[in-house]
1. Determine the alpha carbon to alpha carbon distance for each of Lys15/Lys284; Lys261/Lys284; Lys147/Lys273; Lys29/Lys261 and list only those over 27 Å.
2. Can you give the extra length, in nm with one decimal, that the chain gains between Gln203 and Ala114 once fully stretched, where that is 0.36 nm per residue apart less the Cα-Cα distance?
3. Using all alpha carbons of the range 123-269, what is the percent of pairwise distances in each 5 Å bin, ordered from the shortest bin to the longest?
4. In whole Å, what is the distance between the alpha-carbon centres of the range 137-161 and the range 27-101?
5. With a Cα-only, solvent-free Debye model of the chain, what are the log10 I(q)/I(0) values at q = 0.11, 0.14, 0.16 Å⁻¹?
6. Which value in nm describes the separation of the simple spin-label points at Asp20 and Glu303, placed 7 Å from the Cα toward the beta carbon?
7. Order by neighbour count: Met173, Met218, fewest other Cβ atoms within 10 Å first, most last.
8. So who's got an amide H within less than 5 Å of the one on Ile103, skipping anything under 5 residues away but keeping other chains? H placed 1.01 Å off N, in plane.
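Just so it is clear, none of the values below were taken in a lab; they were calculated from the coordinates. All figures in this text were calculated on a predicted structure; none of them were measured in a lab. All Cβ positions, glycine included, derive from the backbone under ideal geometry; neighbour counts span all protein chains shown.
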Amino acid sequence: MSQAIRRAVWSFWSKPFQTDRKSFWFSEKHHLLSWVLSFERASQLYSETVLITDDDGVRMLVDGLGLEFATVSTELNTLKTQDPDWWVSGKLYAYRAQTQPFIHLDNDVFLWKALPERVIAAPVFTQNPESFTFGDESAWYRPEVFKEAVESTYGWLPCEFNWYVSARGNQPMCCGLFGGNHVDFINYYADQAIQLVEHPQNQRALPLLQRKTLDSFMVEQYFLAACVVYHQNQQKSVYRDVYIECLFNSFEDAFSEAEAKKVGFTHLLGGAKRNPELADKLEKRVAKDYPDRYERCLRYLHEVAP
């Protein structure tokens with residue numbers, strides 16, 4: 001039985017951002033403004049707001065920007081020594097920490113309307129399905145390469161991953177938006193995904209991988225699909241009734257201006273973060289709708305500038 005979802009969750013592991021991912025943005029200012037807009041919009045729709053981060057994240061988002069999350073956790077301090085190429089670990093730790101139905105938002109996701117009932121009533125929901133050509137070396141997802149690397153060093157792989165790769169499964173789920181009501185399943189999935197990266201038997205295999213930052217998408221989004229489909233096909237699984245509801249029916253719909261406007265959803269995916277026209281719109285929106293937050297952002301940037 002689903003219940004009304006009240007909890008909106010964000011996660012921020014500062015190490016990958018400082019190492020590499022800050023370059024994805026038009027500027028540091030626009031990265032911070034995206035946090036303001038993502039938080040302020042969602043907090044008007046969902047009353048329980050949660051930030052899962054580390055000490056540096058608290059200094060930036062809470063002390064610096066003054067974002068008023070109802071709950072702040074520094075659980076991601078435990079990732080201090082982890083390889084930042086596995087940037088997705090911060091999100092997976094946040095998923096695993098949840099004890100009640102929730103929505104997790106990337107900080108480049110803006111909600112203009114509450115999510116539709118068909119989505120928030122689901123055991124698991126995501127932004128949209130994706131697809132790729134299995135075995136294509138240029139694809140974002142290369143699960144067979146990951147599997148071969150781990151097996152070559154006698155590492156560990158969960159049964160769901162092995163099964164889905166053997167079936168040549170090729171439909172990951174975009175997790176710019178992620179959450180659901182079946183928290184036990186989500187905790188299980190997140191823990192297994194974390195073990196793909198952290199399992200002691202896999203530590204010889206991981207350095208062999210050449211595209212760890214892309215493989216992070218596989219660990220999160222491909223493995224999610226693998227978990228759901230595998231358990232749907234196991235008669236005795238306690239998770240056999242779990243399914244995924246998507247906000248959009250396809251990748252193309254998710255980035256159609258008409259479809260996005262219809263559901264009230266914006267995601268600045270990939271190169272959109274560095275688009276000067278979109279950066280200008282983001283800045284004008286925050287300055288107009290949240291002038292106090294905008295001014296605080298400028299003060300913070302001035303204070304931390306070298």
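1. Details: Lys15/Lys284 29 Å; Lys261/Lys284 19 Å; Lys147/Lys273 32 Å; Lys29/Lys261 25 Å.
As for pairs spanning more than 27 Å Cα to Cα, those are Lys15/Lys284; Lys147/Lys273.
2. 27.9 nm
3. The percentages, shortest bin first, are 2, 9, 19, 21, 19, 15, 9, 4, 1, 0.
4. The range 137-161 and the range 27-101 have Cα centres separated by 30 Å.
5. Per q value, in the given order, log10 I(q)/I(0) is -0.67, -1.10, -1.44.
6. Each label point lies 7 Å from its Cα, and together they span 3.1 nm.
7. Met173, Met218
8. For Ile103, whose amide H was placed from the backbone, the distant partners under 5 Å are Arg7, Ala8, Val9.
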